[in-house]
């Protein structure tokens, strides 16, 4: 029994890291496509493609997993918090604050999720998880500061930081709701149904956005959008939810801070961005904090 729990933890850790890795590629591509397609349109295209892939997969599941059933309100909450609202709120925050501030605020994700989980579903955040989250936050600070004190001059409070914190809370809520739903159904069913429910408002928002931000169609854009719809939206979301099922919402979120780490590594590989000692220290703290916290997962 103990060995099975440990295996679940190892698989769960691998899955949530796979999710954050795919989301890091999404961030790189999102920066690359920022002049060709609006954020709402990109999000709508991403989840439209994902829904086309989820539909045949879900059709093979038992009938009860294809229906909303008693989970309808929880699934709707997931759809609104993690699919339809999270991305627009994140981009809205970036209109009023810097990328540095937004990344730092996202570093509080594990702590915010642990607090919400304790308040909403009485899922305790162990001392190890709390310590690991704090270590991971220190790693994020080291990663984005580059070891320079000038970094702190860019950190200042504003409404954008509060909006970014709201986005973090929305993602934490998505993970917590998913934890509850997956007590009764598979990660595939949970992910697919939440995507289906969150897609209509995104399509409406995209229809409004393209009137002022028309899409610049080119072959590279089509290939990038197809990738975003397959890897970050399908593989990423499915891996994350399965990881949440195995580790719990707080246990999974301690690895959420690997996203900026993978972003830095991908930036080095594809954008020729530099990596210095501060990045290595930050990466070590992020990974070490996550592994330390995982020993306290349920």
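Summary table below
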{"quantity": "Ordering of 213-219, 229-235, 254-260 by burial proxy (mean other Cβ atoms within 10 Å per residue, highest first)", "calculated": "254-260, 229-235, 213-219"}
{"quantity": "Per-peptide average of other Cβ atoms within 10 Å, ordering 180-186, 17-23 highest first", "calculated": "17-23, 180-186"}
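Taken together, the values in this text are just the output of simple stated rules run on the coordinates, not laboratory data. Predicted, not measured: the structure shown is a model, and the values here were computed from it. Glycine gets a Cβ as well: all are built from the backbone with ideal geometry, and neighbour counts include every protein chain shown.
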